[in-house]
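**Q** Following this message is one structure expressed as structure tokens.
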Amino acid sequence: MNDKKKTMLSGIQPSGHLCIGNYLGAIKNWVRLQNDYDGIFIVVDLHAITVRQKPAELRKRCLSFAAQYLACGIDPNESIIFIQSHVPAHAELAWTLNTLAHMGELSRMTQYKDKIKKHQANINVGLFAYPVLMASDILLYQSDLVPVGEDQKQHLELSRELAERFNNAYSPTFKVPEAFIMKQSAGARIRSLQDPTKKMSKSDENPNNYIALLDDPDTILKKFKRAVTDSETEIKYDENRHGVANLLTLYSSLTDSSLSDAEQHFQGIGYAQLKKQVADVTIETLVPIQKRYDELMSEKTELEKILKNGAEEARYRARKTLSKVYRKIGLVGGF
Ligand code: ATP
Ligand code: LTN
């Protein structure tokens, strides 16, 4: 790995089923940028437990998500992949940054407001402090670039704010990270198939709302056939026609073509064909990923080795930043 490269870092919570929204909004950019950056990709299990998880499923899902990162094209010789809880410094820096974060700014976070509405029975402190843990993931590694979907923009702003607040209160310590977010029409916010006013979410209780990376071709076709569109007929990109705009965005992102080329391609064609062709290009993208995934999961030694090496390297790098932070705030070190 080349030390002169800038650092790119991102993570996904092991909840639900990784979906095409996560792929187009985040993972595809990780893969695209990994040769130019020193990449760090995390399965953020400590974030996932802010919502109640079934222990046996969570355990399996962490490995499965790591395998899906690799199957999508993350190269372990280029980038580091690890599981967040394997590096204790994340929780330690999060505690420290909690003492800098304000109650007011955290209570304004949209994701927090949405999640407490959805999980009324479990409005826990972790859910509230979640963006601070995300800031510590990013700041621990002096990250330059954070490729995420649009829904994470506000959290990224907070990470930048906390870095600056710490640097001003003590002395320059953290790099102030930049978000890397595609345009909405290029996949930053893929919409739910059944309710295209909402974003596609991998833990949606209705599986018809998302295409999972591991859905088989028949399921993919069925889900797209049922996708909600509108009562018009022309296939044109109009942000207010959410369903059709979403299908066009999916088509153009998956085929790496422009929206206007996609519109051209579908001129004079009906919605049934649009759905069928979006299903076809999705299947074409996902089948090779699923094949590689099956290989990785059938013999877990390679996967476990990658995660072990990743955690080792991450622990070393994270400890360097954390020691600096502890020293600057006046904690006694050297024992
Ligand atoms: P959950 O439903 O489990 O809360 P999620 O689907 O919102 O999860 P996250 O783990 O919160 O997924 O997000 C992982 C990454 O995928 C983030 O970078 C996020 O911005 C991106 N992402 C999530 N949903 C979409 C979407 N619909 N379109 C584009 N990017 C998305
Ligand atoms: N909060 C993010 C997941 C996440 C993340 C990160 C993304 C946790 N730590 C660090 C980028 C960098 C989400 O998508 N819900």
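**Q** Return yes or no: is residue 200 aliphatic (A, V, I, L, M), surrounded by 15 or more Cβ atoms within 10 Å (Cβ to Cβ) and at pLDDT below 95?
**A** Working: aliphatic (A, V, I, L, M): yes; surrounded by 15 or more Cβ atoms within 10 Å (Cβ to Cβ): yes; at pLDDT below 95: no.
Considered against the rule, which asks whether it is aliphatic (A, V, I, L, M), surrounded by 15 or more Cβ atoms within 10 Å (Cβ to Cβ) and at pLDDT below 95, residue 200 comes out as no.
Residues checked against (1) farther than 24 Å from residue 230 by Cα; (2) at pLDDT 95 or above:
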site: 256; (1), (2): yes, no
site: 260; (1), (2): no, no
site: 270; (1), (2): no, no
site: 286; (1), (2): yes, yes
site: 290; (1), (2): yes, yes
site: 293; (1), (2): yes, yes
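**Q** Could you say whether any residue in the stretch 76-84 is under 27 Å from residue 246 (Cα atoms) and either surrounded by 23 or more Cβ atoms within 10 Å (Cβ to Cβ) or modelled with pLDDT under 95 (or both)? Quick ask: steps written out before the conclusion?
**A** So the first thing to find is which residues in the stretch 76-84 are under 27 Å from residue 246 (Cα atoms), and the list is none.
No, the stretch 76-84 contains no residue that is under 27 Å from residue 246 (Cα atoms) and either surrounded by 23 or more Cβ atoms within 10 Å (Cβ to Cβ) or modelled with pLDDT under 95 (or both).
**Q** Go through 27, 49 for me and flag whichever is aliphatic (A, V, I, L, M) and either near ligand 1 (Cβ under 8 Å from one of its atoms) or touching a strand residue (DSSP E or B) at 6+ places or on another chain (Cβ under 9 Å) (or both).
**A** Result of the check over 27, 49: 27.
**Q** Give the residues of the stretch 1-46 that are part of a helix (DSSP H, G or I), out of contact with any helix residue (DSSP H, G or I) (no Cβ under 6 Å at 6 or more places or on another chain) and either within 16 Å of residue 141 (Cβ to Cβ) or touching a residue at least 24 places away in the same chain (Cβ under 8 Å) (or both), sorted by residue number.
**A** Within the stretch 1-46, 20, 21, 22, 23, 25, 26, 27, 28, 29, 30, 31, 33 meet the criteria.
**Q** Give me the helices (runs of 4 or more DSSP H) completely within the stretch 220-321, filtered to those with at least 3 residues that are surrounded by 15 or more Cβ atoms within 10 Å (Cβ to Cβ) and not hydrophobic (A, V, I, L, M, F, W, C), ordered by residue number.
**A** Here the list reads 242-254, 271-298.
**Q** Can you tell me which condition residue 7 does not meet? The list is (1) away from ligand 1 (no atom under 13 Å from the Cβ); (2) crowded, with 24+ Cβ neighbours inside 10 Å; (3) not hydrophobic (A, V, I, L, M, F, W, C), and all the others hold.
**A** (2)
**Q** Determine which member of the set 143, 136, 192 is at pLDDT 95 or above and away from ligand 1 (no atom under 15 Å from the Cβ).
**A** On inspection, the qualifying residue turns out to be 136.
**Q** List the pairs whose first member sits in the stretch 105-128 and is touching a residue at least 12 places away in the same chain (Cβ under 8 Å) and among the aromatic types (Phe, Trp, Tyr), whose second member is in a helix (DSSP H, G or I) and surrounded by 14 or more Cβ atoms within 10 Å (Cβ to Cβ), and whose Cβ atoms are under 6 Å apart, counting only residues at least 6 apart or on separate chains?
**A** As it stands, the answer is 128/106, since those pairs meet every condition given.
**Q** Could I ask something else about it? Among the listed residues 37, 69, which satisfies the condition of being crowded, with 18+ Cβ neighbours inside 10 Å and out of contact with any Phe, Trp or Tyr (no Cβ under 8 Å at 6 or more places or on another chain)?
**A** Sole residue among the options that is crowded, with 18+ Cβ neighbours inside 10 Å and out of contact with any Phe, Trp or Tyr (no Cβ under 8 Å at 6 or more places or on another chain): 37.
**Q** Considering each residue of the stretch 199-219, count those that are hydroxyl-bearing (Ser, Thr, Tyr) and in a helix (DSSP H, G or I), and give that number.
**A** 1
**Q** Could you check the stretch 91-104 and list, in sequence order, the residues that are polar (S, T, N, Q) and without any contact (Cβ under 8 Å) to a residue 60 or more places away in the chain?
**A** Correct list: 98, 99.
The values are calculated or read from the model by the stated rules, or taken from the named source; none is laboratory data. Everything numeric in this text was worked out from a predicted model, so none of it was measured. Neighbour counts are summed over all protein chains in view; Cβ atoms, including those assigned to glycine, are modelled from backbone coordinates with ideal geometry.
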